[in-house]
Amino acid sequence: MTAAPGAVIDLGADWAAPADPAPAEPRRWGTRLAVGLALAALLGTAAADTLPPGPRLVELARWHEPGAVVAAAGPDTFLVAASGEISAYDATDGHRLWRAPGGAFDWTAAVAGDVQLIAFTLPETVTDPPLIGYDDVLAVDRRSGVVRWRNTAALEPVGGVLVSRTGDLGLPEVTVHDPVTFAVRWRAPAALAAEADPWAGALWRLTVHGDLVEHDLVSGAVRRSVRLPGTPDEGAAILPTRHAVGLTGQRWDGRAGPVAVRSWYDRQRLAPVAGENRWARETDCGGGLLCALPAEEGAAFLIDAATGEPVRALPGDMFLTSPGGPVVVDRANAVLTARLDPATGARVADVAGWEPLATRNVHVRFAARTDSPTRSTYLAELTPDGLRRLGRVPGVVLRCDVLPGLLACTTVGDDVVLWRVAEA
């Protein structure tokens, strides 16, 4: 590895991307982006005339690592998977912290306190939001690299603990584990449905008797239990949202066929409320607004971040979220075509032709344009004020992940590069 602390990218007079760059070479990450775009579907330029006031990109480290894949791991570490192992690097200067054995076809990562979770999964087990593993989960001390435990489980990190589900799909049993030791914190009895609630640090269960039970997620203590009328008795699901909890499924009630059940309850009193404007996922979309996916079927909306009230429906185009507003994606070419101004909903063309980088859970922070003749890449950041051009870097950037103020990428030439991104 060759570190280059303080190396400044020479932006030169052509630091901004050309208005019509040469066609980009196909990126090997197109398949993975396509998966992200499929998930996004569920939610439904002129170059600058003056030089930037100072360097916007500073190269901290660069080294050759054939076949590497990078991933952010907490606020100060990133992971590199290559040659059958996964290595952790300090994000401040790129020095290696530790190495751990690799695993199966694909992998995801999450942080739980001082433990780095690395899960090796097969393609058919990938979900959205992602479960941290189905086949093989490795827990490593984030600083020392000591392996804490390794186990086969389907785990979801919520509220500082790990939640696993076993048993029959119609009567799941939930176990809550300590992330450091994998020891069992507590087990919930089998129920028609069970769901972790990140808004309240809770686990909700619907019993076969129609009781909706709220447990403290960490301790398992019962906070309250209410018997509700007309709850589903088949195919039940619990939908926690910011202000309400929903129940869906079917109920027989001695009829010839099942009747659909969709009920919503206020969090405070568990009294019935309307089901409109209940959002299962909320993502920053700039301007004090969030992009929100409804808990049930329907269009995605821009909503007020403070109140959760809808501002306007998002169009039916395939889009990703970003700090500068939703960005519309051309699925065929995997490039951005427009940005929707959060305040007005108008389409802004500053992102047109840029390829999304560092896309995680359909949220994008950075974009790229490849200059094939010079084998270089223009990089830009999507900010609340729109597209902020960062400059041109050597090599064709392939795939990236982002940490606060940092961008970790791989290139077509099999380099791993770490850049510091200057504040606007």
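The values are calculated or read from the model by the stated rules, or taken from the named source; none is laboratory data. Here the structure is a predicted model, which is why all the values come from computation and not from measurement. Note that each Cβ is placed from the backbone with ideal geometry, even for glycine, and that neighbours are counted across all protein chains shown.
None of Trp419, Trp354 is modelled with pLDDT of 95 or more and of a type in the set (A, V, I, L, M, F, W, C) except Trp354. Report whether or not Leu247 is over 22 Å from Asp341 (Cβ atoms) and in contact with a strand residue (DSSP E or B) (Cβ under 6 Å, 6 or more places away or on another chain). Yes, satisfied. The conditions are (1) crowded, with 17+ Cβ neighbours inside 10 Å; (2) part of a strand (DSSP E or B), and Gly235 fails exactly one of them. Which is it? Gly235 satisfies every listed condition except (1). Take the conditions (1) modelled with pLDDT of 95 or more; (2) closer than 23 Å to Thr321 by Cα; Gly288 misses just one of them, which is (1).
Among the residues of segment 368-387, the ones that are closer than 16 Å to Pro404 by Cα and crowded, with 21+ Cβ neighbours inside 10 Å come to 3 in all.
Restricting attention to segment 140-180 and to residues that are of a type in the set (Asp, Glu) and assigned to a strand (DSSP E or B), the residue that is modelled with the lowest pLDDT turns out to be Glu156.
Could you identify the single residue in Gly395, Gly413 that is at pLDDT 90 or above, in contact with a Ser or Thr (Cβ under 8 Å, 6 or more places away or on another chain) and among the small types (Gly, Ala, Ser)? The unique qualifying residue is Gly395. Based on what the data block shows, is Trp279 of a type in the set (Phe, Trp, Tyr), under 18 Å from the mean Cα position of the chain (by Cα), at pLDDT 90 or above and crowded, with 17+ Cβ neighbours inside 10 Å? Here the answer is yes, as Trp279 does meet what is asked.
If you scan segment 208-223, which residues turn out to be on the phi < 0 side of the Ramachandran plot and modelled with pLDDT of 95 or more?
Kept after step one, since they are on the phi < 0 side of the Ramachandran plot, are these residues of segment 208-223: 208-209, 211-219, 221-223.
Passing the criteria: Asp211, Leu212, Val213, Glu214, His215, Asp216, Leu217, Val218, Ser219, Ala221, Val222, Arg223.
Taking the condition among the hydrophobic types (A, V, I, L, M, F, W, C) and in a loop (DSSP other than H, G, I, E, B), does Ala380 pass?
On the way: among the hydrophobic types (A, V, I, L, M, F, W, C): yes; in a loop (DSSP other than H, G, I, E, B): no.
Criteria not met by Ala380.
Here is the figure for segment 184-197: residues that are modelled with pLDDT under 95 and out of contact with any Leu (no Cβ under 9 Å at 6 or more places or on another chain) total 1.
Count of segment 256-291 residues, restricted to those that are of a type in the set (Ser, Thr, Tyr) and either touching a Gly at 6+ places or on another chain (Cβ under 7 Å) or farther than 30 Å from Leu387 by Cα (or both), is 2.
Report, by residue number, each residue of segment 301-315 that is in contact with a Pro (Cβ under 7 Å, 6 or more places away or on another chain) and either at pLDDT below 90 or closer than 23 Å to Val226 by Cα (or both). Answer for segment 301-315, where residues must be in contact with a Pro (Cβ under 7 Å, 6 or more places away or on another chain) and either at pLDDT below 90 or closer than 23 Å to Val226 by Cα (or both): just Leu314.
For segment 307-333, which positions are in a loop (DSSP other than H, G, I, E, B) and touching a helix residue (DSSP H, G or I) at 6+ places or on another chain (Cβ under 9 Å)? Explain how you work it out, then say what you get.
Taking segment 307-333 and keeping what is in a loop (DSSP other than H, G, I, E, B), we get 307-309, 314-318, 322-326, 331-333.
Once the filter is applied, which keeps residues that are in a loop (DSSP other than H, G, I, E, B) and touching a helix residue (DSSP H, G or I) at 6+ places or on another chain (Cβ under 9 Å), segment 307-333 yields Met318, Ser322, Gly324, Arg331.
Only one entry of Leu320, Leu293 meets the criterion of being at pLDDT below 90, buried (at least 18 other Cβ atoms within 10 Å of the Cβ), closer than 30 Å to Val70 by Cβ and in contact with a His (Cβ under 8 Å, 6 or more places away or on another chain), and that entry is Leu320.
Among the residues of segment 201-215, write down those that are touching a Gly at 6+ places or on another chain (Cβ under 9 Å) and closer than 23 Å to Arg281 by Cα.
From segment 201-215, those touching a Gly at 6+ places or on another chain (Cβ under 9 Å) are 201-203, 206, 210; that's our starting set.
Scanning segment 201-215 gives Gly201, Ala202, Leu203, Leu206.
Residues of segment 263-288 that are in a loop (DSSP other than H, G, I, E, B) and of a type in the set (Gly, Ala, Ser): Ala271, Ala274, Gly275, Gly286, Gly287, Gly288.
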